[in-house]
Amino acid sequence: MTNTKMAFLQWSCQDVANWIDSLGFPQYTACFTENFITGRKLVYVNCRYLPRLGITDFEHIKAISAHVRELLGVSEPLWSRSIADPQRDDMGMFLEVKSRTGESADPLTYAQFLNYQKK
């Protein structure tokens, strides 16, 4: 995965709010800015987390979650799993690592992560 595709990890709260607005949900921009949702925190935004931000319309929750998964390049969750379980595909796990900061997370590439996972 290229750095260009992961540019959202550098988004500020306002960048995330602008993205939500561009999706057609301007009523939720404050939910994201007031909860300090940055690009790194988007990795954790899913159907279970959105109501905590103040988003309770189920259709909006589904739509926003789908857009977040699309942005992150994470696959649709399996329906045979509990919806309370976090996403566990390779990309989801990689983005969880990249959502952190520090010497080990910042320079890590997707290829390096996959190579480490195989060991």
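Every read-out reported here was derived from the displayed coordinates using simple, explicitly stated rules and does not represent laboratory data. Given the structure is predicted, the values throughout are model-derived calculations rather than measurements. Methodologically, a virtual Cβ is constructed for each residue, glycine included, from the backbone with ideal geometry; neighbour enumeration extends over all protein chains shown.
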Potential extension, Glu96-Thr56 segment - 0.36 nm per residue separation minus Cα distance: 11.9 nm
Calculated from backbone phi, Karplus (6.51, -1.76, 1.60) coupling profile of the stretch 45-54 in Hz, x at Gly/Pro: 7, 8, 4, 6, 8, 4, x, 5, 7, x
Separation in nanometres of the label points that stand 7 Å from Cα toward Cβ, at Asp89 and Asp106: 3.0
Full-extension gain in nm, Phe36 to Gln10, via 0.36 nm per residue minus C-alpha separation: 8.0 nm
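How far, in nm, would the chain grow between Ala63 and Asp21 when pulled straight, counting 0.36 nm per residue and subtracting the alpha carbon separation? All intermediate terms of the calculation are to be shown ahead of the outcome.
Values: separation 42, 0.36 × 42 = 15.12 nm, distance 1.30 nm.
Taking Ala63 through Asp21 to full extension adds about 13.8 nm, to one decimal.
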Positive minus negative residues near Thr33 (Lys, Arg vs Asp, Glu; Cβ under 13 Å): -2
